[in-house]
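Computed from the coordinates by the stated procedures, all read-outs in this text should not be read as laboratory data. Please read these numbers as outputs of a predicted model, since none were measured by experiment. Please note: Cβ atoms are built from the backbone with ideal geometry, for glycine as well, and neighbour counts cover all protein chains shown.
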Amino acid sequence: MTDTWVRLPADTVQAISDALEAKGWQVEYATDSEMEIVFPNPQTGHAMRFSEWWLSWRLVDGQLAYGIGDDHGDPWRKQLDVDADAAATVVAAAADRAMHLLWHLDAQEHACKVGQKNGLLSAMEMRMTELGRRLVVTPGMVRSALKESSAWTP
């Protein structure tokens, strides 16, 4: 498989951008070879978590193909299942589906990692509590701890 970047005409890029914006996405910028897309939070206007994507197009085995990627994983995580001569609205609809799918998968993966870390933290907390219960303090230890020392500062 050979991949070659390809440049789309400005009117095609604009049509894809307009179709994505009609679906609620915000195109941060678009060139003739890629566009950065985010889904804005309605309250703040800033990009929502896990919603920053790249839509790019290239020749794959001699055919024009569109793909979705991101900065964290792979710039070409999912190739869109559209024909090379598909209309801009079809490309935008496929990109919308792919971005939402990847968005939810990323959020689910993050939640799983947080759950695992919380489990480890809880296990460590239980171990520390048990260790605290096992600690034996003798009266001699208390007396030596309460003795005045020149190292103490008033």
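Using DSSP to define loop residues, name the chymotrypsin sites (Phe, Trp or Tyr not before Pro) in segment 50-154 whose beta-carbon has at most 12 other beta-carbon atoms within 10 Å.
Sparse-neighbourhood loop chymotrypsin sites (Phe, Trp or Tyr not before Pro): W152.
Report, to two decimal places, the Cα Rg of segment 75-119 normalised by 2.2 N^0.38 Å (N = number of residues).
Against the empirical 2.2 N^0.38 Å value, I get 1.60 for segment 75-119.
So, by mean Cβ neighbours within 10 angstrom, what's the order for 133-143, 80-90, 15-25, 114-124 with the highest one leading?
So the peptides 133-143, 80-90, 15-25, 114-124, ranked by packing, come out 15-25, 80-90, 114-124, 133-143.
For K78, which lysines qualify as cross-link partners when the Cα separation must be under 24 Å and same-chain residues fewer than eight apart are set aside?
K23, K113
On a 0 to 90 degree scale, rounded to 10, what angle separates helix 88-134 from the longest Cα axis of the chain?
Result, in degrees: 10.
Kirkwood Rh over Cα pairs of the chain into Stokes-Einstein at 25 °C, 0.890 mPa s: D in µm²/s?
125 µm²/s
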